[in-house]
Amino acid sequence: MRLLIALIFPWLTFFTIGRPIAGFICLILQITLIGWLPATIWAVYALSQFKTDQKIAEATRRY
C-alpha cells in the first residue's frame with residue numbers, strides 16, 4: 001500500500017514513515033512537473049530504507 005502511495009503521492013510516503021520534514025521538502029519538489037520523477041524515486045528509496053531499518057531492528061531484538 002505504501003508503495004502505491006509513493007508512486008502517486010510521494011510526499012505522503014514520508015509522513016507515513018515518520019519523516020515529516022522530508023515530506024514537506026518532497027512536496028515542494030513535487031509541485032513542479034519536472035520534480036515529480038525525482039520525488040517519486042526519492043520516496044521509493046526512502047520506503048525501501050524504512051523497511052530495511054525495520055528488519056534490522058526486528059533482528060536485533062531477537063538476540
Original post:
Name the pairs: first residue in the stretch 43-60 and within 15 Å of THR13 (Cα to Cα) and in contact (Cβ under 8 Å) with a residue 40 or more places away in the chain, second residue open to solvent by 50 Å² or more (accessible area, probe 1.4 Å) and of a type in the set (A, V, I, L, M), Cβ to Cβ under 9 Å, at least 6 apart or on different chains?
Top reply: VAL44/LEU3; VAL44/LEU7; LEU47/LEU3
Original post:
Restricting attention to the stretch 44-60, does a residue exist that is out of contact with any Lys or Arg (no Cβ under 9 Å at 6 or more places or on another chain), loosely packed, with under 15 Cβ neighbours inside 10 Å and in a loop (DSSP other than H, G, I, E, B)?
Top reply: no
Subject >> Which listed residue is more than 12 Å from the chain's Cα centre (by Cα) and not in a helix (DSSP H, G or I), from LEU37, LEU33 >> reply: LEU33
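The values are calculated or read from the model by the stated rules, or taken from the named source; none is laboratory data. Keep in mind that what you see is a predicted model, and the values were worked out from it rather than measured. Methodologically, a virtual Cβ is constructed for each residue, glycine included, from the backbone with ideal geometry; neighbour enumeration extends over all protein chains shown. Remember, those area values only see protein heavy atoms, side chains included, never the ligands or the DNA or RNA. Shrake-Rupley method; radii C 1.70, N 1.55, O 1.52, S 1.80 Å.
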